[in-house]
Structures are given as structure tokens and as C-alpha cells.
Amino acid sequence: MILKILKRNCIEALVDLYPKEECEAFFYRLAEHILSMQRTDIALNGYVVVSGKKQEKFTEAIERLKTFEPIQYIIGSTAFFGLEFKVNTKVLIPRPETEELVDFIIKDSSVRATENPLRILDIGTGSGCISIALAKHLSKVNVFAVDVSEEALNLAKTNATLNDVDVRFLNVDILNDFTREDDFNELEFDVIVSNPPYVRESEKELMQPNVLNYEPHIALFVENNDPLLFYKAIIAFSQRFLAVKGILYFEINETLGKDMVKLLNDSGFGDIELKLDIFGKDRMIKA
Ligand code: GLN
């Protein structure tokens with residue numbers, strides 16, 4: 001079958017389920033992945049013949065897209081902050097909002113290394129996207145990242161290698177054993193960053209099936225229905241492990257900007273800055 005017809009078939013198979021532009025975008029993502037071709041070449045070479053075996057791969061991927069499985073899981077990778085990251089269902093697919101968080105930190109003039117390397121800790125690292133992007137884009141840093149999931153950490157390690165950066169990964173449950181002395185003994189951080197789970201059970205019905213049915217709930221939802229649970233634990237941790245003049249950066253639930261300001265205030269933090277994402281929603285906070 002020629003590429004042009006494959007494209008038409010792909011779009012036809014999905015157009016009742018997704019907007020047309022998205023179907024087209026899916027086709028290009030799949031073609032890039034399955035045929036190892038550049039996007040422009042795909043667009044310009046409609047008469048290239050696709051082998052039966054490769055056609056089968058398209059069919060298989062299309063069947064998975066029909067169930068609303070995210071294309072990033074089907075392909076097994078995604079782009080984040082100009083870097084490639086492997087992803088699987090054990091980790092959240094990195095979001096554009098989180099790219100904004102990384103951008104916020106990189107552009108922040110307070111985040112400048114002195115003679116000593118800047119010590120950064122990412123809590124709940126998942127795919128490793130935040131810690132790896134920071135390690136890649138900031139000079140002279142010492143980056144640590146923790147997660148409760150061993151499977152996530154394995155993937156994050158792969159991603160650090162793939163992107164050729166040094167990050168120290170540790171298995172830590174911030175809700176329970178953050179005081180494990182030996183892990184953090186003698187350590188102190190200039191920057192602690194986190195995009196913890198912050199979606200409430202009550203917000204479930206607003207979520208799309210591609211998120212709800214495929215992404216790890218452990219990375220999305222807060223237990224006890226206390227949406228600030230993780231922030232409270234991280235703040236408690238930072239009372240001990242954040243350096244004097246150290247900075248906290250969080251991604252937050254858009255409905256909890258004011259509550260986060262209050263929580264940080266009450267915990268003795270100053271210079272609090274709440275920042276909107278590209279959609280105009282309270283999404284990042286610095287203190
Ligand atoms: N913003 C993400 C979503 O709505 C949630 C990210 C998170 O819980 N940290 O899918």
C-alpha cells in the first residue's frame with residue numbers, strides 16, 4: 001500500500017473519535033515512528049510503498065488509538081522541553097504545563113549557581129522529565145530525584161542515560177519515610193521542585209478517557225481527598241533539607257492557588273510567587 005492511501009485509511013478509521021487535525025497528527029506521529037521518516041518526507045512522498053509488516057504496525061496502533069490509549073504510550077516516547085523521553089503506563093506523560101514549570105525555574109534569576117554547584121531535588125520524578133531537563137539546561141548543577149515507584153525510577157534512569165545527564169535517583173516515599181537519615185544525610189538542597197499528584201477524586205468526571213483509563217492513578221490522584229497532602233509532606237521535608245535561601249517550586253492544581261499561598265505563608269515561606277500557565281490558570285508557585 002502506498003503512504004498516501006495509508007494516511008487516508010488511518011484518518012478514516014479515527015475521524016469519528018477524534019477531531020480531524022488530531023487524526024492527521026496521529027498519522028504523522030505513527031509514520032515517523034514506524035517508517036523512521038522525517039515529517040516533511042512523509043508529506044512529500046505519498047507514493048512510497050509501505051510493506052505489509054509495517055502496515056500491520058499501523059493497524060495495531062490504530063486499534064489502540066480507538067480505545068483512547070495515548071499515542072505516547074503506543075509509541076513509547078514523547079518530547080519534553082526539546083528532549084526525548086521514554087514513557088510507559090507507570091509514569092505520567094509529561095505535560096506542556098510542566099515544561100512551563102521547568103522554563104520558570106531556568107529563567108529565574110534566583111537560580112544561579114555560585115562557586116558551588118546548585119543542588120536540586122525533584123520529588124515524584126516519574127519519567128524524570130523535570131530533573132533531566134533541568135540537568136540538561138542549567139550549568140553546574142547537582143541533581144537528585146526521588147519517586148515512590150521503582151518502575152518509574154528505572155524508566156527515569158533510562159531517560160537520564162538517553163539524554164546524557166547525571167541525576168541521582170532514589171526510591172523514597174515522601175509521605176512516609178522522608179526522614180530516612182542515610183538517604184539524605186548531610187544533604188541540603190538549594191532548589192526543591194515537585195509536580196506531585198494533585199487531582200481530587202471529585203475531579204475525576206472532568207477527566208478525559210485517555211488520561212483516566214491509561215495514566216497511573218498513583219501519579220494523578222491524592223488519597224484522603226486532601227489535595228494538599230503532598231505539598232504538606234514536601235514542606236515538612238524542606239524545613240529540614242532546604243538550604244537557607246533555598247527555593248521551592250511546585251506545579252499545582254489550578255483551583256488551589258490561594259490555598260497554596262496560604263499554606264506556604266503559614267509554613268513560614270516568603271517571596272511567594274503564583275504563576276499562570278499558557279491557559280491562564282494558576283499552575284506554578286515559587287516560595
Ligand atoms: N495536570 C495533570 C492532569 O490533569 C495532573 C498532573 C498531576 O496530578 N500532577 O492530567
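The values are calculated or read from the model by the stated rules, or taken from the named source; none is laboratory data. From a predicted model like this one, the values you see are computed outputs, not experimental measurements. Note that each Cβ is placed from the backbone with ideal geometry, even for glycine, and that neighbours are counted across all protein chains shown.
Taking the criterion of being out of contact with any Pro (no Cβ under 9 Å at 6 or more places or on another chain), in contact (Cβ under 8 Å) with a residue 12 or more places away in the chain and more than 13 Å from the ligand (Cβ to nearest atom), the residues of segment 205-239 that qualify are 225, 232, 235, 236, 237, 238, 239.
Scanning segment 172-197 for residues that are modelled with pLDDT under 95 and within 16 Å of the ligand (Cβ to nearest atom), we see that the one that is farthest from residue 241 (Cα to Cα) is 175. Against the test of being crowded, with 17+ Cβ neighbours inside 10 Å and within 18 Å of residue 124 (Cα to Cα), the options 264, 256, 242 yield a single qualifying residue, 242.
Mind checking whether some residue in segment 202-218 is closer than 28 Å to residue 119 by Cα and either in contact with a Phe, Trp or Tyr (Cβ under 9 Å, 6 or more places away or on another chain) or buried (at least 21 other Cβ atoms within 10 Å of the Cβ) (or both)?
Within segment 202-218, the subset closer than 28 Å to residue 119 by Cα is 218.
In the following step, the residues that additionally are either in contact with a Phe, Trp or Tyr (Cβ under 9 Å, 6 or more places away or on another chain) or buried (at least 21 other Cβ atoms within 10 Å of the Cβ) (or both) were identified as none.
No, there is no match, as no residue in segment 202-218 is closer than 28 Å to residue 119 by Cα and either in contact with a Phe, Trp or Tyr (Cβ under 9 Å, 6 or more places away or on another chain) or buried (at least 21 other Cβ atoms within 10 Å of the Cβ) (or both).
Checked against the criterion of being loosely packed, with under 15 Cβ neighbours inside 10 Å and in contact with an Asp or Glu (Cβ under 8 Å, 6 or more places away or on another chain), segment 44-59 has no qualifying residue.
Going through segment 82-91 one residue at a time, which ones are surrounded by fewer than 23 Cβ atoms within 10 Å (Cβ to Cβ), within 16 Å of the ligand (Cβ to nearest atom) and under 18 Å from residue 162 (Cβ atoms)?
Residue satisfying the conditions is 90 alone.
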